[in-house]
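Notes to accompany the following structure.
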Amino acid sequence: MKKVLVLLVALLLAIPVIGHAGSATSRYDVTIGGYIKFDMGYNTQDTNEAASTALRSSTHARKDLYDEYGNTFMSSADTTISLLVKGPDAFGAKTSGLVAFNFRGVNTGNAFGGAQILFAWMKLKWASSELTIGKDFQQFGMPYTKAALGIGDFGQYLSGGPIPPAVTLRYEFLKNWNFMLGVISPTEWTGAGSTRQYNDDYARGELPFLEYELEYKNEGCGKVGPNPLRFAVGGLFGREQKTNTLYYSGLDYKASVVPVWIVAGRYFVPIIPEKQGNKKNALYLTGNAFLGQNFGGDNWLGIPNAPSSTPGSMGSYWRGGVNSKGVATWGFKDAAAPTAFGMFAQLSYYFTDQVSINGMYGYLKYNYSDWAKSTPAISTADYKGANCVNMNQNYAISVLYDPTPNLRLGAQWMRMFTRFNGDSNTTLIPNSALATAGTGLLDKSGYLDMYRVAAWYFF
């Protein structure tokens, strides 16, 4: 009798599950893909495995714990799972969709290791045009390929880029020419914690940002991998509605409109093309160059502000008076943002079809005025003062080996050099307390060496 009752209870519990269960198959063509990734490495500074800046160097008068000692790291958070769907035609176009997620978590306020949406887009493709709707890489400025091992390596140079929601149309109007135009989210409004949210000054700009690109592509010059000869010029523009109450001690809200714009070129040159699908002895150059201002919002250049009292160099600042403690002392004035320029370049050579060596370089410079360099920031949303990044450079060499089509091994050395607006006793570190010893100031600059090995298993 007890066995019968247990069986009845089990069936009753199973009925709702069966009623709501989905099919293991689909009426559409669905492909499961992605890769398992493992990273392991060593930093000469005590920072994370996706650092965007080096920390200040110690001086004889003041020592910084995070510069004096390095750390080791291991991670599998870059592991990515994707579903690619190909459905029936609509409006005369081939339709497809992709959803993918990894486990870095932090972009949506989770802890590192939590799942987060990476891509979520749908596409309609006609003979000479393509409409993309959803969350995808921005379609301007990014190099056509990148051989860095870490997901954040060289992201400061439009070489990784954010993955914002957007609606874009790319149209091929001549045989080798196409043009892209679209609207793109000005901010990652789903974020929490250290990421920007829905109540962000960029989202208050009242309109989505506009992105565009003109591209030339010529397959007659050969190719390396999927890329032939390609050149493109594009960018975006929008505006930030920067708000503040600090100048009036909470008595009123004040706002100042600050333009956001980027002009970026990118290229891929197959110097020695592959032959009949074999990349042995192939050589190519790829990269970008960019100019603009006020790169906050979706963190276009990957220099975020730390959760402590030290800002990064992404956005705008207030041009009001402050005292030595950073407190507003006279009148409200408008906001501004420094212009910035930079570039990324990668030269890659294939010893065999499976083994390549890659040299990479990135450079970023902010044109802060002398006043903005020396005037203390009021808050972490006020991007001025001695602790803002003034210049960043990266050098790297990587070796990639594909022993089989689904397995990749890699090794990389990367040096990062950062110069700040001025000397300071604070550092861009992910904690609120200063881990320093001694008196005086830390150095105006710092450098970080990162040694990394990685393995990918594609499925």
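The values are calculated or read from the model by the stated rules, or taken from the named source; none is laboratory data. What you see is a predicted model, and the numbers here were worked out from it, not measured in a lab. For neighbour counting, all protein chains shown are included, and Cβ atoms are generated from backbone atoms with ideal geometry for every residue, glycine included. Each accessible area value is taken on the protein alone, full model and side chains, heavy atoms only, with ligands, DNA and RNA left out. Shrake-Rupley method; radii C 1.70, N 1.55, O 1.52, S 1.80 Å.
With θ taken as phi - 60° and the Karplus curve 6.51 cos²θ - 1.76 cosθ + 1.60 applied, the whole-hertz 3J(HN,Hα) list for segment 234-241 is x, x, 8, 8, x, 7, 10, 9 Hz, x standing for glycine and proline.
Bridging of LYS373 to lysines at a Cα separation below 27 Å is possible for LYS63, LYS242, LYS254, LYS325, LYS333, LYS365, LYS384, LYS444, once same-chain residues fewer than 8 apart are set aside.
Once the Cβ-Cβ distance of SER129 and SER26 is raised to the sixth power relative to R0 = 25 Å, the FRET efficiency obtained is 0.40. If you sort the three axes of the alpha carbon gyration tensor as a ≥ b ≥ c, you get a/c of 1.5 or more for segment 32-191 and a/b above b/c, which makes it prolate.
A Förster radius of 25 Å combined with the Cβ-Cβ distance from ALA90 to ILE36 puts the calculated FRET efficiency at roughly 0.15. Accessible area per residue for segment 374-417, computed on protein heavy atoms with a 1.4 Å probe, is 39 Å². For the pair segment 111-142 and segment 269-305, the centres of their Cα atoms are 18 angstrom apart.
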